[in-house]
Structures are given as structure tokens and as C-alpha cells.
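Written out below as C-alpha cells is the structure these notes cover.
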Amino acid sequence: MTTPLALLFPLLLLPVIKAQVPHWGPCPEPTVQPSFNLKKFMGRWFEIAKLPAQFEKGSCIETNFSMKADQTIRVVSSEILKGELRTIEGTGVIEDLKNPAKLGISYSYVLPYSPYWILSTDYENSALIYSCTDILHVFHLDFAWVLGRTRNLPSATVDKAREIFTSSNIDVSRMVASRQQGCDKTI
């Protein structure tokens, strides 16, 4: 028998998932970058396209990854929102040493690590990132990003990225271009 709380729980989550992309069923299990080299991935990445995410509302979104002495990853993300530069610092970890392209990132010591999977990267130009959160095995929330080492990528590169996501059973029909214009206040 389903409890009233179990029926109410998805309704309580609606404000949280409003900007996200919910889908019925469990998270897909896409293939990640084979032979992933974390050191080559480190550095500055700009957000080129994304599935809508409530926690990203500004423009000029970028993230800088660097290794810390304890072998965790320092993750500094920034955006310009209402004319102000806003930054947040988090920590990344390799969740499974046998699969180093599956990172976990947390921006708070009280929150668990969220999946941050590198599906594909050439390390020098672009990277495709996927994250998924399963909610009670009833539905899941997708996050997907196309990142670039520069603020713009050729449209053919973004189109190819969409194809890779789609072939991995990830719905990117709501993917939007990120705003990377007027970014003189970034880190």
C-alpha cells in the first residue's frame, strides 16, 4: 500500500525540479570517456550549452578545476547574475578509481556528492558532462552540459555533442545555448 507521504513527496519536489528536466524511470547509464586522464581535464571550462538547471541562472558560466594536495579536486564555478560576479567553491572526487571519468562534486560539506560524468572530451576543445539524480526509482532529473575551453564552439561541435547525448539515451530536446557575451567580470 502506498503511504500518503509517498504520494505527496513528488509534489513537494515540484518547486525544486521546475527548471530541471524530469523523466520517468531510472537514470540512464551512458558510457563515459574511456582511458580518462583527470590531469589533462583540469583547468578552465566555459559552459556552451546545457539542460536548464535551477542553480544556474546567470550568464558567463565557467568552472575551473584544479588538483589539491589530498588528490581531491578544487571546483570553482562562477556566473554573472544581475551584473554581479558570483562564485561558489566545491570539491570533486573520483568515485570509482576503476572508472575515473565518473566524478562526484559537492558544493557543501553537508550535501552528498552529485554525479559529474565526463561522457566525452578531447581535453583541448570540448567536453560533454552528464549528471542524473534518481528519485525513488520513479523518475530522474537530468543535467547535461557542453563545455568548451573557449567561450564559443562551432555549431557542428555542439550538434555532434547533442548526437552523442541522444545516442546515450539522454533527452537533450530542451538543451539551450548558454550566454557567454559581455563576460568581462569572470574569474
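Each reported figure results from applying straightforward, stated rules to the coordinates on display, with no laboratory input. Remember, predicted model here, so these are calculated numbers, not experimental data. Using ideal geometry, Cβ is built from the backbone for each residue, glycine included, and neighbour counts are taken over all protein chains shown.
Compared with the direct C-alpha span, the chain from Glu84 to Lys68 gains 3.0 nm at full extension, assuming 0.36 nm per residue. Take the Cβ atoms of Ser59 and Glu124, set R0 to 22 Å, and the FRET efficiency comes out at 0.35. Between Ala49 and Val146, Ser178, the built amide H atoms are under 5 Å apart, and every one of these is 5 or more places off in sequence or on another chain.
Here are several values of mean projected area of the Cα convex hull in nm²: (1) 11.9; (2) 9.3; (3) 10.3. Which one was derived from the coordinates shown? Only one option fits the structure, namely (1). Considering only Leu111, Leu119, Leu128, give the residue with the highest GNM mean-square fluctuation for the chain, with springs between Cα atoms whenever their separation is below 10 Å. The residue that fluctuates most here is Leu111. Output the 0 to 90 degree angle, nearest 10, between the alpha-carbon long axis of helix 155-167 and the longest principal axis computed from the alpha carbons of the chain. The two axes meet at around 30 degrees. Full extension of the chain between Tyr109 and Leu97 gives 2.2 nm of extra length, using 0.36 nm per residue less the Cα-Cα distance.
When the trypsin sites (Lys or Arg not before Pro) in segment 72-136 are filtered for DSSP coil states and for at most 10 other beta-carbon atoms within 10 Å of their beta-carbon, the remaining sites are Lys82, Lys98. Given their separation in residues at 0.36 nm each and the Cα-Cα distance between them, Ser35 and Lys160 gain 42.9 nm when the chain is fully extended.
Which shape class, rounded, prolate or oblate, goes with segment 82-145 when its Cα gyration tensor gives a ≥ b ≥ c as root eigenvalues, a/c under 1.5 marks rounded, and past that a/b bigger than b/c marks prolate? Judged from the Cα gyration tensor, segment 82-145 comes out rounded (a/c under 1.5).
Helix 4-17 and the longest principal axis of the C-alpha atoms of the chain enclose an angle of approximately 20°.
Exceedance of the 23 Å cut-off in Cα-Cα distance is limited, within the set Lys40/Lys82; Lys102/Lys160; Lys50/Lys98, to Lys40/Lys82; Lys50/Lys98.
Relative contact order for segment 30-176: 24 percent, from Cα pairs under 8 Å spaced at least 6 residues apart, divided by residue count. Centre-to-centre, using Cα atoms only, segment 74-123 and segment 153-178 are separated by 20 Å.
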